[in-house]
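The next block holds one structure in the form of C-alpha cells; read it before the comments.
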Amino acid sequence: MNSLKTFVLLLLMTVFFLIVGELLGGVQGMQIALIFAIITNFISYFFSDSMVLAAYKAKPVLPEQDPRLHSIVSELAMSAKIPTPKIYKINTNMPNAFATGRNPQHAAVAVTEGLLRLLDDRELRGVIAHELSHVKNRDILISCIAATLAGAIMMLVRMGFWFGGGRGGRNNNAIIALLLLILAPIAAALIQMAISRSREYIADSDGAKISGDPLALASALRKLAYGNSRQENNVSASTAHMFIVNPLKGKDIQNLFSTHPPIEERIKKLEQMANVFSNNNSKYDIPKVIY
C-alpha cells in the first residue's frame with residue numbers, strides 16, 4: 001500500500017511541476033519542469049534520507065560510542081523483526097528523533113543529544129520502538145520524499161517568482177508568480193499533513209506493541225512536547241513532519257498545517273491501550289515529570 005502511495009505522490013508532484021512550468025514558460029517551461037521533476041524524483045527516491053541526515057549534521061554512532069543506545073535499538077529491532085538500522089546522533093538540545101531511509105534494509109534512526117539527556121531508558125525504548133514501527137510499516141520513504149518534494153516546491157516557487165518567463169506579459173507573470181508563492185507552501189504543507197497525522201497514531205500503537213510498554217511512550221511524548229516548546233528549534237518546515245513530536249512552535253504560522261496529531265490525544269490513546277495490556281504491563285504509571 002505504501003508503495004502505491006509513494007508512486008502516486010511522485011506522480012502528483014510531477015504533474016504539479018509540469019503545470020507550473022507551463023504557466024510560467026509555455027512549452028519550453030514544461031520541458032524544463034519535466035527535467036526538474038525527473039531529477040527531483042530520482043533524488044527523492046535514492047538520496048532523500050542522506051539529504052535529511054546531512055541537513056541536520058547527523059553523525060553515525062558506533063556501538064562503543066554509545067552502548068546504551070545501540071543495545072536498545074538492536075533489541076527492539078529484533079522484537080520488530082527488522083534489520084537493525086543505522087544509528088545517528090544530532091548535536092542539538094532539541095529533544096526529538098526521526099527515522100529515515102527507503103526500506104527496512106536501508107534505514108536509519110536519528111536521535112538528538114537533547115532527547116538522550118531528557119529521557120530515561122524506559123522512555124527511550126518507547127521512542128525508539130515508535131521510530132522502528134515507521135521503518136517496519138515502510139512509512140520512512142514516503143516521509144523522506146514528502147520532505148524533499150516540499151523543498152523542491154519552494155525552490156520552484158522562488159525560481160518562478162524571480163525568473164519566470166510566462167505568456168501574456170510581465171503583469172500576468174507577476175500575478176502567476178504571486179499565486180504560486182501563496183499556494184505552493186500551502187500545497188506542500190497539506191501533503192505533509194495528509195501523510196503524517198494518521199501515521200503517528202499507528203506508529204504509537206505499533207511502537208507500544210514492539211516495546212510492550214505503552215505508558216513509557218506516553219511519558220516520553222509528554223516530556224518531548226514540553227521540551228520542544230521551551231526553546232527555539234532550527235528545523236525546516238519541509239522536514240518537521242519526520243520528527244516524533246512537532247519541533248515547530250505553536251505561534252509559527254506554518255503550524256496552521258500541523259503535521260502531528262495533538263500530543264494529549266496521542267497520550268490518551270496510549271493510556272487506553274495500556275488498560276488492555278497484560279497485568280505486567282498495565283501496572284506501569286506514567287512517571288511524574290518535574291522540570
Fill in: Condition met for THR6 (in a helix (DSSP H, G or I) and either touching a His at 6+ places or on another chain (Cβ under 6 Å) or at pLDDT 70 or above (or both))
no
Worksheet item: Can you spot a residue in the range 77-100 that is within 15 Å of the chain's Cα centre (by Cα), of a type in the set (D, E, K, R) and more than 29 Å from GLU232 (Cβ to Cβ)?
Response: no
Worksheet item: Which residue out of ILE202, ILE244 is part of a helix (DSSP H, G or I) and modelled with pLDDT of 65 or more?
Response: ILE202
Worksheet item: Has the range 73-87 got any residue that is farther than 16 Å from ASN137 by Cα and in a strand (DSSP E or B)?
Response: yes
Worksheet item: When both residues are 6+ apart or on different chains and their Cβ atoms are under 6 Å apart, which pairs have a first residue that lies in the range 222-238 and is of a type outside the set (A, V, I, L, M, F, W, C), and a second that is in a helix (DSSP H, G or I) and modelled with pLDDT of 95 or more?
Response: LYS223/LEU118; GLY227/LEU118
Worksheet item: Would you pick out the residues in the range 31-52 that are of a type outside the set (Val, Ile, Thr) and buried (at least 21 other Cβ atoms within 10 Å of the Cβ)?
Response: ALA33, ALA37, SER44, SER48, ASP49
Response to the item:
The lone condition GLN28 fails out of (1) buried (at least 16 other Cβ atoms within 10 Å of the Cβ); (2) at pLDDT 75 or above is (1)
Discussion item. I need every pair where a residue in the range 35-49 that is touching a residue at least 12 places away in the same chain (Cβ under 8 Å) has its Cβ under 7 Å from the Cβ of a residue that is among the hydroxyl-bearing types (Ser, Thr, Tyr) and not in a helix (DSSP H, G or I), sequence separation at least 6 or different chains.
Written reply: ASP49/THR100
Practice prompt. Within the range 232-245, track down each residue that is closer than 19 Å to ALA58 by Cβ and either surrounded by fewer than 22 Cβ atoms within 10 Å (Cβ to Cβ) or polar (S, T, N, Q) (or both).
Written response: ASN233, ASN234, VAL235, SER236, SER238, THR239
Worksheet entry | Failed condition for PHE257, given (1) more than 15 Å from the chain's Cα centre (by Cα); (2) farther than 21 Å from TYR56 by Cα; (3) at pLDDT below 90 | (1)
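The values are calculated or read from the model by the stated rules, or taken from the named source; none is laboratory data. Treat the numbers as computed from the prediction; the structure is a model and nothing was measured. A quick note on method: Cβ atoms are made from the backbone with ideal geometry, for glycine too, and the neighbour counts reach across all protein chains shown.
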